[in-house]
Amino acid sequence: MAVIPSALFLLIILGVIISLIVVSIRNGVSGIKLMLLGINITLFGGIIAVDPNSNLAGIEYLIAVTGLIISIVGSRKKD
């Protein structure tokens, strides 16, 4: 039963992070900063996914994929 509140909490945090990234892309943050942010998010999701005590119903993989997508967007951005 504790999985649903923690997964919901992580989804809310993920939504806030994505909204901040969209705002920062519009405001003109450099591509390197976006790539570094994406790498950090990917590492965070990977650490949660490898942890044997975490049972978040696949949210950790969603976090890792989101970080990968952000890194790709940062690498495609022209400075």
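The values are calculated or read from the model by the stated rules, or taken from the named source; none is laboratory data. All values reported here derive from a predicted model rather than from experimental measurement. Note: ideal-geometry Cβ built from the backbone for every residue, glycine included; neighbour counts use all protein chains shown.
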Subset of the stretch 4-38 [assigned to a helix (DSSP H, G or I) and either touching a Ser or Thr at 6+ places or on another chain (Cβ under 6 Å) or not hydrophobic (A, V, I, L, M, F, W, C) (or both)]: P5, S6, G15, S19, S24, R26, N27, G31, K33, M35, G38
Can you give me the number of residues within the stretch 42-60 that are more than 8 Å from the chain's Cα centre (by Cα) and under 15 Å from F9 (Cα atoms)? 8
Within the stretch 14-35, identify whether any single residue is within 14 Å of the chain's Cα centre (by Cα), polar (S, T, N, Q) and surrounded by 13 or more Cβ atoms within 10 Å (Cβ to Cβ), and answer yes or no. no
Test V29 against the criterion of being modelled with pLDDT of 75 or more and either touching a Cys at 6+ places or on another chain (Cβ under 7 Å) or among the aliphatic types (A, V, I, L, M) (or both), and give yes or no. yes
